[in-house]
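Okay, structure first, notes after.
The values are calculated or read from the model by the stated rules, or taken from the named source; none is laboratory data. These numbers come from a predicted model, not from an experiment. Neighbour counts are summed over all protein chains in view; Cβ atoms, including those assigned to glycine, are modelled from backbone coordinates with ideal geometry. In case anyone asks, the SASA skips ligands and DNA or RNA and just uses the protein heavy atoms, side chains included. Shrake-Rupley method; radii C 1.70, N 1.55, O 1.52, S 1.80 Å.
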Amino acid sequence: AKKLAQASSLDYALMSGGDVGPLGVHGVTALHSLFRWAHSSERGVLIFIDEAEAFLASRDKARLTEHMRNALNAFLYHTGTPGNSFVIVLATNRPEDLDEAVLDRIDDAVEIGLPGLSHRLLLAEMYFNKYLRRSYPKSFFSRIISSCRLGTKYKTITISDDAVAQLETIANLTDGFSAREIEKLMVAVQSAAFGTPNQFLDASTLLAILERKRQEHHRKVDLISRQNSLQNAKQLQETDNIEKKIMRKLQQHIIHGDRQSSDPVDAIDLPEDVPEFVQNATIIRSSPPRATAVHATIIPPTEDEIHVADAIIIN
């Protein structure tokens, strides 16, 4: 955000989506103050909102508190028309969770994927220098001040040449790692080096930490995969339950109803994405999709005769 603001010569404000919730009833007031400042700035303001889905979540999907819903409405109020007072940058790992009105206000969407091989090498070098080569102050006076603050002699890390030569290996073996994971890898290597008697880092120590972090990464990927599978299974089960409920309604209407089989059965609540859940059924959607008509053929278990029934399902 700072780089963007500097490149565009704008003032900037940094916030997290999680900052709004704890404000409670004062969240709306804080947002009004933020946008008033943005409008009063002579240079213009870049407002960067990290973890945006925590604050700007969909009103249809998320269970928003009254205060969060009011804060979202305040944000929408200030961003409803184009202007030149501020630029808003939203950062999120879950764009599908953002409210539709927020998505409608986004002019440009940029996906920042996982780093490729060349970028992983650059990241490995950058964090290697930050946490291992430059993990202590350069100047003599800075070291003295740091030692006084710590109450102990300031420690440095001695790095073997074979450890430095492993940076390309790290880049090759971290496929699928995010920049944050590569940084955490180097933090773990730093901790391991400080834990040795002479604060020494060699290739074997570095590669051992690398393998441990690779295993952690694979476990995390497996966990996310299992969570997604469970979520999909839950959705399938819910759909199956809806299908059975509708079939029972249709059968009850045909077998026990006094009306003609062409009459509609009782309305049944159903999500908007209604699947073709009845065999030999014709699905007719209304526009806009507020209701779905189902024309189905049913064979009751106690009769040989095939019946035809209609149902209206309210989405």
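Remarks
Here's the yes/no breakdown for (1) at pLDDT below 90; (2) crowded, with 18+ Cβ neighbours inside 10 Å:
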| site | (1), (2) |
| --- | --- |
| Ser8 | yes, no |
| Asp19 | no, no |
| Gly27 | no, yes |
| Arg36 | no, no |
| Leu46 | no, yes |
| Asp60 | yes, no |
| Val87 | no, yes |
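- Taking each residue of the range 150-169 that is more than 23 Å from Ala124 (Cβ to Cβ) and assigned to a loop (DSSP other than H, G, I, E, B) and looking for partners that are at pLDDT below 90 and of a type in the set (S, T, N, Q) with beta-carbon atoms closer than 6 Å, six or more apart or interchain, yields Lys153/Ser147; Tyr154/Ser146; Tyr154/Ser147.
- Close pairs from the range 1-27: first closer than 15 Å to Arg43 by Cα, partner assigned to a strand (DSSP E or B) and among the β-branched types (Val, Ile, Thr), Cβ under 7 Å, at least 6 apart: Leu4/Val89; Leu10/Val45; Leu10/Val87; Asp11/Val45; Tyr12/Val45; Ala13/Val45; Ala13/Ile47
- Check on Asp104, part of a helix (DSSP H, G or I), open to solvent by 80 Å² or more (accessible area, probe 1.4 Å) and modelled with pLDDT of 90 or more: yes
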